[in-house]
């Protein structure tokens with residue numbers, strides 16, 4: 001599930017004329033960074049939801065010939081947010097665990113692909129969701145207080161009010177479809193799914209190997225591009 005329907009308000013003025021997934025970083029639009037990464041780990045089908053500048057995003061995707069094969073989940077009639085958009089597309093996943101990845105997330109890989117590590121470490125017996133998390137201190141362009149703490153077994157807990165935690169959600173996870181069974185139709189955030197998993201003691205994380213880049217504003221793009229160039233030297 002490639003989450004691509006958001007308004008990208010913090011990326012304005014670039015997103016006044018395009019969806020955020022079509023913003024370029026180092027000569028490639030963000031969604032192609034994501035789809036190429038999915039192709040590299042053998043994902044052969046993906047769902048992309050569309051809303052903001054949906055026609056432009058669909059036209060770009062139609063020109064792409066490389067895997068994965070794409071299905072469009074149309075949200076032109078109303079934005080469903082990350083959770084509601086994923087629930088709308090559940091029928092594509094045949095009741096099997098699946099990747100959910102933000103179309104604007106970008107990182108530099110370590111020794112092994114992080115999505116492959118996510119898949120290998122997901123244990124449906126003990127987990128409802130496994131999140132890729134990045135170290136707040138080592139991420140490029142991130143100056144927040146973190147999202148999660150993690151125990152020695154990888155179990156995640158939310159950052160408390162006024163606290164600082166060492167891990168930030170890196171925009172990719174594995175989810176079980178059963179997580180959505182009690183969720184409403186209509187808009188809601190994946191944060192609600194994560195919190196339900198925390199309450200059940202079944203939200204886990206794995207630390208990203210490599211460097212995660214937070215590209216939330218136009219001003220953050222040059223730092224990400226510089227990090228990518230340095231990694232290829």
* **Matching residues in segment 113-130 - criterion: being assigned to a helix (DSSP H, G or I) and either free of Cβ contacts under 8 Å to residues at least 60 places away in the same chain or at positive phi (or both)** => 120
* Structure fact -> The residue from 142, 153 that alone is assigned to a loop (DSSP other than H, G, I, E, B), exposed (fewer than 13 other Cβ atoms within 10 Å of the Cβ) and either in contact with a strand residue (DSSP E or B) (Cβ under 9 Å, 6 or more places away or on another chain) or at positive phi (or both) is 153
* Asked: Considering only segment 159-172, how many residues are in contact with a helix residue (DSSP H, G or I) (Cβ under 7 Å, 6 or more places away or on another chain) and under 22 Å from residue 90 (Cα atoms)?
  -> 1
* How many of the residues in segment 156-174 are surrounded by 21 or more Cβ atoms within 10 Å (Cβ to Cβ) and assigned to a loop (DSSP other than H, G, I, E, B)? -> 0
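Okay, residues lined up against (1) farther than 16 Å from residue 189 by Cβ; (2) touching a residue at least 60 places away in the same chain (Cβ under 8 Å); (3) surrounded by 15 or more Cβ atoms within 10 Å (Cβ to Cβ):
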position: 85; (1), (2), (3): no, yes, yes
position: 94; (1), (2), (3): yes, no, no
position: 97; (1), (2), (3): yes, yes, yes
position: 111; (1), (2), (3): yes, yes, no
position: 132; (1), (2), (3): yes, yes, yes
* Look at segment 180-202 and say how many of its residues are crowded, with 22+ Cβ neighbours inside 10 Å and either free of Cβ contacts under 8 Å to residues at least 40 places away in the same chain or under 16 Å from residue 146 (Cα atoms) (or both). => 1
* For residue 177, are the conditions met, namely being modelled with pLDDT of 95 or more and surrounded by fewer than 18 Cβ atoms within 10 Å (Cβ to Cβ)? -> yes
* Filter segment 1-22 down to residues that are farther than 15 Å from residue 82 by Cα and within 16 Å of the chain's Cα centre (by Cα), then give me how many there are. => 2
* To do: Name every residue in segment 203-233 that is exposed (fewer than 14 other Cβ atoms within 10 Å of the Cβ), outside any helix (DSSP H, G or I) and modelled with pLDDT of 90 or more, in order of residue number.
  => 217
* To do: Look at residue 56 and say whether it is in a loop (DSSP other than H, G, I, E, B) and either surrounded by 14 or more Cβ atoms within 10 Å (Cβ to Cβ) or modelled with pLDDT of 95 or more (or both).
  => no
* Could you please find all residues in segment 187-202 being closer than 20 Å to residue 124 by Cα and in a loop (DSSP other than H, G, I, E, B)? => 200, 201, 202
* Asked: How many residues, within segment 59-74, are surrounded by 14 or more Cβ atoms within 10 Å (Cβ to Cβ), at pLDDT 95 or above and outside any strand (DSSP E or B)?
  -> 3
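The values are calculated or read from the model by the stated rules, or taken from the named source; none is laboratory data. Just so we're clear, the structure is a prediction, and the values are computed from it rather than from any experiment. Counting neighbours? That spans all protein chains shown, and the Cβs are built from the backbone with ideal geometry, glycine included.
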